[in-house]
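Okay, so here's the structure we're looking at.
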């Protein structure tokens, strides 16, 4: 577990990005933590997946936790799901998130995953969020 709640902080950043997903909806469409299998069809989930541990700098260091962003869409709406995933990727890639040295998405964009058991399209990408250790 990383000392910062990177999932929550990146989800809060996406919440404010104007992408049409929200942590406060009823039900929410933006989640931090485990993927909500029973969540709404169209949702975004930011979950901590580990990381390299970081770099020692003498009196402290830079931690490099990694999160995965998973976007799920309505059945048959592959293009809309991909557009939402690209919007999330664009919002986070090289974003200036307060308290972080850097935030960088891996790869050239979201990767399409196999549809879930209800044939809803899914896309995902990983995010490396570096910050100075306390």
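The values are calculated or read from the model by the stated rules, or taken from the named source; none is laboratory data. From a predicted model like this one, the values you see are computed outputs, not experimental measurements. Methodologically, a virtual Cβ is constructed for each residue, glycine included, from the backbone with ideal geometry; neighbour enumeration extends over all protein chains shown.
Remarks
- Hits in region 117-128 (condition: in contact (Cβ under 8 Å) with a residue 24 or more places away in the chain and out of contact with any strand residue (DSSP E or B) (no Cβ under 6 Å at 6 or more places or on another chain)): 118, 119, 121
- The sole residue among 40, 3, 36 that is farther than 25 Å from residue 96 by Cα, touching a strand residue (DSSP E or B) at 6+ places or on another chain (Cβ under 9 Å), part of a loop (DSSP other than H, G, I, E, B) and modelled with pLDDT under 95 is 36.
- Qualifying residues in region 63-96 (those that are under 15 Å from residue 18 (Cα atoms) and touching a residue at least 40 places away in the same chain (Cβ under 8 Å)) - the one surrounded by the most Cβ atoms within 10 Å (Cβ to Cβ): 88
- Given (1) at pLDDT 95 or above; (2) over 18 Å from residue 12 (Cβ atoms); (3) assigned to a loop (DSSP other than H, G, I, E, B), index of the condition residue 95 fails: (2)
- In this structure, residue 19 does not qualify as in contact (Cβ under 8 Å) with a residue 24 or more places away in the chain, closer than 16 Å to residue 128 by Cβ and surrounded by 12 or more Cβ atoms within 10 Å (Cβ to Cβ).
- Selected residue (criterion: surrounded by the fewest Cβ atoms within 10 Å (Cβ to Cβ)) from residues of region 22-32 that are in contact with a strand residue (DSSP E or B) (Cβ under 6 Å, 6 or more places away or on another chain) and more than 21 Å from residue 78 (Cα to Cα): 23
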